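Below are the structure tokens for one structure; questions will follow.
The values are calculated or read from the model by the stated rules, or taken from the named source; none is laboratory data. This is a predicted model, so every value here is computed, not measured. Positions of Cβ are generated from backbone atoms using ideal geometry, with glycine treated the same way; all protein chains shown enter the neighbour counts.
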Amino acid sequence: MASRCGMLAGEDQERTVSGPILVTGGTGTLGRVVTRLLLADGHQVRVLSRRPRPADAGPAGLGSAEWAAGDLRKGRGIGAAVAGVEAIVHCATGLGDVRAGVNLIEEARLERPRLVYISIVGIWMR
């Protein structure tokens with residue numbers, strides 16, 4: 001399925017992402033928006049969050065997302081979250097979260113998904 005959220009630019013061509021997409025920080029300010037856009041475009045989305053699935057996930061637009069509980073900083077639950085995904089959109093960023101990123105990349109190496117790292121300016125304004 002080619003969609004505005006599912007296209008990744010290659011050197012000579014665009015490649016579509018048709019498999020599951022993991023969104024880290026999917027309950028955060030940026031991750032919620034990314035998750036909603038991907039779901040609206042018909043993608044299978046898995047959210048990795050330290051928080052349990054919210055009871056109001058449906059009205060929040062996250063209702064059809066698969067949930068994976070884990071902690072990037074502590075390295076918990078990452079292996080299960082990345083298993084079988086074709087792409088990762090890493091939105092769980094914060095000031096000094098280098099360890100979280102390293103943990104994610106180390107676990108994702110076996111699966112070899114495409115990785116998109118995005119952040120928001122506000123994390124540096126704390």
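So the check is Cβ under 9 Å with 6+ separation or different chains; which pairs have a first residue in segment 106-124 that's on the phi < 0 side of the Ramachandran plot and polar (S, T, N, Q) and a second one that's assigned to a helix (DSSP H, G or I) and at pLDDT 85 or above?
Filtered contacts from segment 106-124: 119/30.
List the number of the failed condition for residue 61; all other conditions in (1) surrounded by 14 or more Cβ atoms within 10 Å (Cβ to Cβ); (2) at pLDDT below 85; (3) outside any helix (DSSP H, G or I) hold.
Of everything listed in (1) surrounded by 14 or more Cβ atoms within 10 Å (Cβ to Cβ); (2) at pLDDT below 85; (3) outside any helix (DSSP H, G or I), residue 61 misses just condition (3).
While we're here: Go through (1) under 13 Å from residue 25 (Cα atoms); (2) surrounded by 14 or more Cβ atoms within 10 Å (Cβ to Cβ) for residue 117 and report which single condition fails.
With (1) under 13 Å from residue 25 (Cα atoms); (2) surrounded by 14 or more Cβ atoms within 10 Å (Cβ to Cβ) applied to residue 117, the lone miss is (2).
While we're looking at this one, here's another question. Could you list, in sequence order, the residues of segment 45-56 that are modelled with pLDDT of 90 or more and surrounded by fewer than 18 Cβ atoms within 10 Å (Cβ to Cβ)?
The answer is none; no residue qualifies.
Identify, please: which residue in segment 14-41 is of a type outside the set (Gly, Ala, Ser), in a loop (DSSP other than H, G, I, E, B) and touching a residue at least 60 places away in the same chain (Cβ under 8 Å) and is, among those, nearest to residue 91 (Cα to Cα)? First the steps, then the outcome.
Going residue by residue through segment 14-41, those that are of a type outside the set (Gly, Ala, Ser) are 14-17, 20-24, 27, 29-30, 32-39, 41.
Imposing the further condition that a residue be in a loop (DSSP other than H, G, I, E, B) reduces the set to 17, 20, 27, 41.
Now drop any that are not touching a residue at least 60 places away in the same chain (Cβ under 8 Å), which leaves 17, 20.
Working: 17: 18, 20: 16 Å.
Among those residues, the one meeting the criterion is 20.
Now a separate question. Residues being in a helix (DSSP H, G or I) and over 12 Å from the mean Cα position of the chain (by Cα): count how many of those fall in segment 64-100.
The total comes to 5.
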